[in-house]
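Q: Before I ask anything, let me first share the structure, which is written out below as structure tokens.
The values are calculated or read from the model by the stated rules, or taken from the named source; none is laboratory data. Remember, it's a predicted structure, so these values are computed and weren't measured experimentally. So basically every Cβ, Gly included, is an ideal-geometry build from the backbone, and we count neighbours across all protein chains shown.
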Amino acid sequence: MSEAANTAVPAVELLSLTKEFRRDDFVVTALNEVNLKIPQGEFFCLMGPSGSGKSTMLHLIAGIDLPTGGEIQVLGSDVTRLSDKDKAAWRSENVGYVFQTFNLLPVLTAMENVELPLLLTSLSKKERLERAQIALEAVGLGDRLDHYPRQLSGGQEQRVAIARAIVTDPAILLADEPTGDLDAASAKQILEILTELNQVHGKTVVMVTHDPAAAKYAHVTRYLEKGDMLQPGVMPEV
């Protein structure tokens, strides 16, 4: 764990966090009064079966969705109290998000895809491209700046997605099954990049995965089961 982990304010703190979805007359509880504290500088892994609420939790931490109850503190800010406009600006500055399916725009080059989050800033075009290039070089794709997604392997596409997530220099990186669509060799490269971002650059990494091999890269692993957070050290029944 990096020295940033000793910072007093947690990267993420969830207090009795609850999320319910209504479907006709039915109520589905995705998260049930979850309490969790993730220190800054930690590589945290969340595991659990499909439908256990893992991705829902990431969406809530990122401010993409709102909880039904409870509180979400991210770097000391109560995300639930921010307006949509303030939330977008806050997310741009503080949180990077890596999806399983890459979500790259096929008509844009790697450089242009990575530049996208910077369009919300006051940076000049030159400054945006310089930062995009630095981010791509950081994930080992300095020689693929002008390549389109169709010209890249799956592992390279995910590295572009990571570069896009870190180009604004966020403190927290949320990764939702980042190796789920990759072969073993590519998955290892992605996990090593996340480890470097955590250990060398001090990023707090919150990763959702179903892969025990991926979880081994994290400092701490916790389990969700049917919306309930299991106690530290407790694994779900098989």
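Q: Would you mind stating whether R222 is in contact (Cβ under 8 Å) with a residue 40 or more places away in the chain, farther than 22 Å from A89 by Cα and either of a type outside the set (A, V, I, L, M) or surrounded by fewer than 19 Cβ atoms within 10 Å (Cβ to Cβ) (or both)?
A: yes
Q: Among residues belonging to the range 73-90 that are part of a helix (DSSP H, G or I) and either touching a residue at least 40 places away in the same chain (Cβ under 8 Å) or not basic (K, R) (or both), point out the one that is surrounded by the fewest Cβ atoms within 10 Å (Cβ to Cβ).
A: Result: D84.
Q: Test D143 against the stated conditions and say whether it is assigned to a loop (DSSP other than H, G, I, E, B) and without any contact (Cβ under 8 Å) to a residue 24 or more places away in the chain.
A: Judged against the criteria, D143 is a match.
Q: Determine if the range 94-102 includes at least one residue that is farther than 30 Å from N35 by Cβ, in contact with a helix residue (DSSP H, G or I) (Cβ under 9 Å, 6 or more places away or on another chain) and in a helix (DSSP H, G or I).
A: Checked the range 94-102: no residue is farther than 30 Å from N35 by Cβ, in contact with a helix residue (DSSP H, G or I) (Cβ under 9 Å, 6 or more places away or on another chain) and in a helix (DSSP H, G or I).
Q: Exactly one condition in (1) outside any strand (DSSP E or B); (2) in contact with a Ser or Thr (Cβ under 9 Å, 6 or more places away or on another chain); (3) of a type in the set (V, I, T) is not met by V205; state its number.
A: (1)
Q: Can you work out which of the residues in the range 97-134 that are among the small types (G, A, S) and touching an Asp or Glu at 6+ places or on another chain (Cβ under 9 Å) is surrounded by the most Cβ atoms within 10 Å (Cβ to Cβ)?
A: A110
Q: If you check A214 against the conditions, is it over 17 Å from V160 (Cα atoms), out of contact with any His (no Cβ under 8 Å at 6 or more places or on another chain) and part of a helix (DSSP H, G or I)?
A: Yes: the conditions hold for A214.
Q: Continuing with this model, one more query. Considering only the range 135-185, state which residues are surrounded by fewer than 20 Cβ atoms within 10 Å (Cβ to Cβ), of a type in the set (V, I, T) and modelled with pLDDT of 95 or more.
A: Scanning the range 135-185 gives no hits.
Q: I'd like the full set of residues that are under 16 Å from H219 (Cα atoms) and assigned to a helix (DSSP H, G or I), limited to the range 146-202.
A: The answer is L191, E192, I193, L194, T195, E196, L197, N198, Q199.
Q: If you don't mind, there's one more thing I want to ask. Hey, among the residues in the range 1-38 that are in contact with a strand residue (DSSP E or B) (Cβ under 8 Å, 6 or more places away or on another chain) and outside any strand (DSSP E or B), which one's modelled with the lowest pLDDT?
A: My answer is A4.
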